[in-house]
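What follows is a short report on a single structure.
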């Protein structure tokens, strides 16, 4: 569980970013791959922020790296449903405008997060299946054969990758991407592409990205609950309250947060949760359990 928060900093950091590779059990021999994969994604997003780029671009860039890494269940690394098909989900939210772009149950998109990002200027929030793939083709999305995304996974495949970022303009963004749940019914959609369930971002409050038991996260609208808590308390207590609520319905989850004051934190009730974070003046670090993050309070 997250450590208690200390008093917030007097000044907001000029940028901050945190990524996750999924709340799940990670075998000891796979821990290095999860940490290094999260660090690579973090560094890619960090470069955008350090150059003055937007939080939205940093989130998309970081998640694209995770989608390229078969260590993680997203993009290239996806799993097969009960019909032997790949069905990916992804979403991104701009805390400045509250715009959301999301795709679900798609099988032919090399980078689902980028198709979701291209929807941010559209009226529609969520496109699924064939409609999402048609949109991707019309907007120069990278297409592929669905089978090209599936890989043999030693961990069986589960959960979601995500990123939250704060840019130097003070804007926040959050994103998620998943390659689905192995063996699930065709057409099953979890929390990942649903704002208020798997992610949310609002410059006035904070930004969050979640991973875990999608059905439980949907039933508790856990991202929305976490955001509402951030209106009253810092990230650490907000995460603890969200995990306590989740315990009431069962299920595992991991949560990453940056609030409107630039404070970041993370927590989980799953066995492991691969996370990397960095901020202005603080070097990038990666972990597979919150207890390993000896910095304690992260704000």
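The values are calculated or read from the model by the stated rules, or taken from the named source; none is laboratory data. If you're wondering where the values come from, they're calculated on a predicted model, not measured in any experiment. FYI the Cβ positions are ideal-geometry reconstructions off the backbone, even for glycines, and counts take in every protein chain you see.
The set of residues in region 156-181 being over 30 Å from residue 14 (Cβ atoms) and under 19 Å from the mean Cα position of the chain (by Cα) consists of 157, 158, 159, 178, 179, 180, 181.
In this structure, residue 279 does satisfy being closer than 17 Å to residue 16 by Cα and touching a strand residue (DSSP E or B) at 6+ places or on another chain (Cβ under 8 Å).
On inspection, residue 77 fails the criterion of being on the phi > 0 side of the Ramachandran plot and surrounded by fewer than 20 Cβ atoms within 10 Å (Cβ to Cβ). Every condition in (1) in a helix (DSSP H, G or I); (2) touching a strand residue (DSSP E or B) at 6+ places or on another chain (Cβ under 8 Å) holds for residue 92 except the one numbered (1). Exactly one residue out of 31, 67 is closer than 22 Å to residue 152 by Cβ, touching a helix residue (DSSP H, G or I) at 6+ places or on another chain (Cβ under 7 Å), assigned to a helix (DSSP H, G or I) and at pLDDT 95 or above, and it is 67.
Filter region 195-217 down to the residues that are within 16 Å of the chain's Cα centre (by Cα) and within 29 Å of residue 152 (Cβ to Cβ) and list them by number. Hits for region 195-217 are 198, 199, 209, 210, 211, 212, 213, 214, 217.
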